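Read the structure below first, then the notes.
The values are calculated or read from the model by the stated rules, or taken from the named source; none is laboratory data. Here the structure is a predicted model, which is why all the values come from computation and not from measurement. Cβ placement follows ideal geometry from the backbone for every residue including glycine, while neighbour counts extend to all protein chains displayed. Accessible surface areas use protein heavy atoms only, side chains included; no ligands, DNA or RNA. Shrake-Rupley method; radii C 1.70, N 1.55, O 1.52, S 1.80 Å.
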Amino acid sequence: MSDVRVFKVENRLAKVMRLPGGRTVAEALRGADSRVASIRDRCLTTLATKGAQLQRLSEEAKAGQDTVSLTALYATANDIYSIAGAFGMKEAAEAAYSLCDLVDDSPERGAINWPAVKVHVDGVRFLCSEAGAVDSPVRVAIITGLREVAARFAAEN
Amino acid sequence: MTLSPLLTSDKINLANAEVLLLDSQPDGLDILCQTFAGFGLHTPHRCASAAEAMAVVQERELNLIIADTAVSDMDGYEFVRWLRRSGVKPNCFAPVLLLTGHTKASHVAKARDCGANMVVRKPASPMVLLQRITWAARETRAFVEAPNYYGPDRRHRVLGPPAAMKGRRHDDLSAAVGKATTPNLDQDDIDALFQPKKAAG
């Protein structure tokens with residue numbers, strides 16, 4: 001029989017949240033939304049920079065075929081997904097997530113589909129740019145195309 | 001596990017909470033900090049690395065920890081494993097919500113097995129975060145210390161010990177039904193339970 005100990009612990013979060021005062025859920029949500037909105041412009045600038053970084057990282061990864069560049073490419077796409085999602089940029093977030101899928105699955109499947117990666121990188125770059133943020137029909141067309149590429153990649157593997 | 005819906009009129013008080021926010025991506029950390037400032041948190045402990053977070057764990061008594069899994073110097077899962085085994089009380093028992101970006105099923109399993117209380121997939125809207133925080137505040141699960149695991153009990157439902165096994169816990173009930181220890185109810189007693197009666201007075 002292994003040595004297992006089961007015990008109760010005090011929930012100190014509950015204790016502090018029960019203190020008098022605080023704000024209603026509606027007030028808290030309004031407060032959070034307005035504060036997050038206050039850093040939107042700065043975050044969107046970062047997003048555009050990260051979109052541009054993707055191109056360099058994918059070229060380095062393709063040339064070197066090394067896991068370090070591939071990990072950096074994955075991490076950057078993951079960052080883009082998180083930031084774009086937080087500001088309601090659905091297509092940019094979805095494209096970045098799909099790129100993560102491609103890069104993350106590739107080592108397991110033994111080969112990287114570079115054409116699929118390239119078309120995703122181009123798509124994410126555009127969707128993170130200022131032009132991508134305003135042109136809704138183009139955004140929809142890009143994400144539809146990327147979904148087809150991702151589906152073909154999944155079917156081939 | 002159920003997440004009860006929050007009413008907009010419900011009250012939450014995080015003003016005096018000690019909350020550690022860990023994300024090595026500067027914008028991600030800012031988004032988290034602004035969200036919690038909106039919730040009314042006065043002084044968040046901002047950490048851009050696991051090393052900073054470990055220092056805060058040693059210095060403050062924390063009520064809640066929110067950590068991204070993709071931290072640069074040590075991933076979030078490792079950080080939680082360290083926290084649970086750190087022996088720094090009460091912080092080693094603090095509720096931990098792990099935030100993930102690109103999420104595979106294996107990531108969720110990894111988060112559960114490292115000792116986190118819950119996994120929240122990004123983008124975590126303020127409403128989703130608030131729901132998870134109130135869920136963590138209602139957390140009643142016991143802690144389990146075992147050679148290969150330290151954290152909240154991973155079982156959310158009590159199903160008793162496996163069939164034909166005695167169970168290792170002192171409060172595990174036996175699957176076998178023993179002999180009755182009190183007299184059986186007769187039919188009149190049973191019928192009386194279903195008969196509405198006029199309240200006295």
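Side notes on the structure shown:
- Qualifying residue in region A:56-78 (condition: at the interface with another protein chain (Cβ under 7 Å from one of its Cβ atoms), without any contact (Cβ under 8 Å) to a residue 24 or more places away in the chain and either part of a helix (DSSP H, G or I) or more than 13 Å from A:Val121 (Cα to Cα) (or both)): yes
- Contacts under 6 angstrom Cβ, first residue in region B:102-123 being facing chain A (nearest Cβ under 10 Å) and farther than 20 Å from B:Asn91 by Cα, partner modelled with pLDDT under 90 and in a loop (DSSP other than H, G, I, E, B), 6 or more apart: B:Arg121/B:Thr103
- All positions within region B:17-34 that are more than 12 Å from B:Leu129 (Cβ to Cβ), in contact with a helix residue (DSSP H, G or I) (Cβ under 6 Å, 6 or more places away or on another chain) and not hydrophobic (A, V, I, L, M, F, W, C): B:Asp23, B:Gln25, B:Asp27, B:Gly28
- Members of region B:5-34 found to be assigned to a loop (DSSP other than H, G, I, E, B) and open to solvent by 30 Å² or more (accessible area, probe 1.4 Å), listed by number: B:Pro5, B:Leu7, B:Thr8, B:Ser9, B:Asp10, B:Asn16, B:Glu18, B:Ser24
Let's see how each residue does on (1) facing chain A (nearest Cβ under 7 Å); (2) within 21 Å of B:Cys92 (Cβ to Cβ); (3) of a type in the set (Asp, Glu):
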position	(1), (2), (3)
B:Leu20	no, yes, no
B:Pro26	no, no, no
B:Pro44	no, yes, no
B:Cys47	no, yes, no
B:Glu61	no, yes, yes
B:Thr69	no, yes, no
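- Residue among B:Ser72, B:Ser86 that alone is out of contact with any Phe, Trp or Tyr (no Cβ under 7 Å at 6 or more places or on another chain), modelled with pLDDT of 95 or more and on the phi < 0 side of the Ramachandran plot: B:Ser86
Conditions tested, residue by residue: (1) over 15 Å from the mean Cα position of the chain (by Cα); (2) open to solvent by less than 10 Å² (accessible area, probe 1.4 Å).
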{"site": "B:Leu99", "(1), (2)": "no, yes"}
{"site": "B:Ala105", "(1), (2)": "yes, no"}
{"site": "B:Arg112", "(1), (2)": "no, no"}
{"site": "B:Met118", "(1), (2)": "no, no"}
{"site": "B:Met127", "(1), (2)": "yes, no"}
{"site": "B:Ile133", "(1), (2)": "no, yes"}
{"site": "B:Glu139", "(1), (2)": "no, no"}
{"site": "B:Val144", "(1), (2)": "no, no"}
{"site": "B:Tyr150", "(1), (2)": "no, no"}
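- Matching residues in region A:11-22 - criterion: being within 7 Å of chain B (Cβ to nearest Cβ) and in a loop (DSSP other than H, G, I, E, B): A:Asn11, A:Leu19, A:Gly21, A:Gly22
- Residue match in region A:23-32 (condition: part of a helix (DSSP H, G or I), in contact with a helix residue (DSSP H, G or I) (Cβ under 8 Å, 6 or more places away or on another chain), more than 9 Å from chain B (Cβ to nearest Cβ) and open to solvent by 20 Å² or more (accessible area, probe 1.4 Å)): no
- Those residues of region A:34-54 which are aliphatic (A, V, I, L, M), without any contact (Cβ under 8 Å) to a residue 24 or more places away in the chain and in a helix (DSSP H, G or I), in sequence order: A:Ala37
- Selection status of A:Lys50, among the basic types (Lys, Arg), open to solvent by less than 40 Å² (accessible area, probe 1.4 Å), within 11 Å of another protein chain (Cβ to nearest Cβ) and closer than 21 Å to A:Ile142 by Cβ: yes
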